[in-house]
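So the structure is just underneath, and the comments pick up after that.
The values are calculated or read from the model by the stated rules, or taken from the named source; none is laboratory data. Since the model is a prediction, treat every value here as computed from it, not as a measurement. Here Cβ is always computed from backbone atoms with ideal geometry, including for glycine, and neighbour counts include all displayed protein chains. What goes into the accessible areas is simple: the full protein's heavy atoms, side chains included, and nothing from ligands, DNA or RNA. Shrake-Rupley method; radii C 1.70, N 1.55, O 1.52, S 1.80 Å.
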Amino acid sequence: MKSGIEFKIVWFDQDVVELRVSSSNDRFSGQASLYLGRGRLCAMADRLQGFPSNSTDYCDLELGTFNPNHAGGGVQMHFYCLDMAGHAAVDVKLRLDACKTMGEVGSVALRIPVEAAAIDSFAIQVRAMDEEQIGATAHLESAD
């Protein structure tokens, strides 16, 4: 997988979308499948558009679930600036369906450096994903 974050639609019905989230920083990588209500992808993209607006800006996003009592996995993404110049990164945590807590088998945490323009491009790609098209993808490229 290319370094960064990839969203891919793998299944859908009238109420939910199954999304596969893959993440890599060239040293570590992971993948989780999770379930989303319709429209959640666009809402996430709206929150990311224009990030970062200043050097103290951050955006926390969670898709799927980190509750082991619910079906499916989850992804948490913490977008933030590394310095006053606005260099950005995203800390990603992925959890598989069978994983009870972060740090056990079936979980991964990694940091990916990103650029503001790549975040905007990712938000546009996510917003354009057809929730009824298996294989539809969006990719956030790493700055490395």
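Does region 56-67 include one or more residues that are part of a loop (DSSP other than H, G, I, E, B), of a type in the set (S, T, Y) and at pLDDT 95 or above? Can you show your working first?
In the first step, residues of region 56-67 are kept if they are part of a loop (DSSP other than H, G, I, E, B); the result is 56-57, 65-67.
Right, trim to of a type in the set (S, T, Y) and you get 56, 65.
Checking the rest, the ones that are also at pLDDT 95 or above come to 56.
The answer is yes, given that some residue of region 56-67 is part of a loop (DSSP other than H, G, I, E, B), of a type in the set (S, T, Y) and at pLDDT 95 or above.
Can you pull out the residues in region 94-123 that are buried (at least 17 other Cβ atoms within 10 Å of the Cβ), modelled with pLDDT of 95 or more, out of contact with any Phe, Trp or Tyr (no Cβ under 8 Å at 6 or more places or on another chain) and closer than 17 Å to Q31 by Cα?
L94, I112
Need the failing condition index for P52 against (1) of a type outside the set (F, W, Y); (2) modelled with pLDDT of 95 or more; (3) touching a Leu at 6+ places or on another chain (Cβ under 7 Å), just the number.
It fails just one condition, (3).
Please verify whether V126 is at pLDDT 95 or above, assigned to a strand (DSSP E or B) and open to solvent by less than 20 Å² (accessible area, probe 1.4 Å), treating the condition exactly as stated. Give the steps one after another, and end with the answer.
On the way: at pLDDT 95 or above: yes; assigned to a strand (DSSP E or B): no; open to solvent by less than 20 Å² (accessible area, probe 1.4 Å): yes.
Considered against the rule, which asks whether it is at pLDDT 95 or above, assigned to a strand (DSSP E or B) and open to solvent by less than 20 Å² (accessible area, probe 1.4 Å), V126 comes out as no.
For residues in region 45-87 being touching a residue at least 40 places away in the same chain (Cβ under 8 Å) and of a type in the set (A, V, I, L, M), which is surrounded by the most Cβ atoms within 10 Å (Cβ to Cβ)?
V75
Can you pull out every residue in region 26-36 that is under 16 Å from the mean Cα position of the chain (by Cα) and either hydrophobic (A, V, I, L, M, F, W, C) or open to solvent by 30 Å² or more (accessible area, probe 1.4 Å) (or both)?
Step one: list which residues in region 26-36 are under 16 Å from the mean Cα position of the chain (by Cα), which gives 28-36.
Listed by number, the residues that qualify are F28, S29, Q31, A32, S33, L34, Y35, L36.
For region 71-93: of the residues being part of a loop (DSSP other than H, G, I, E, B) and under 16 Å from the mean Cα position of the chain (by Cα), which is modelled with the lowest pLDDT?
Here is the first cut: in region 71-93, the ones part of a loop (DSSP other than H, G, I, E, B) are 71-73, 82-87.
Applying the additional criterion that residues be under 16 Å from the mean Cα position of the chain (by Cα) yields 72-73.
On the way: G72: 91, G73: 94.
Restricting to residues being part of a loop (DSSP other than H, G, I, E, B) and under 16 Å from the mean Cα position of the chain (by Cα), the top hit is G72.
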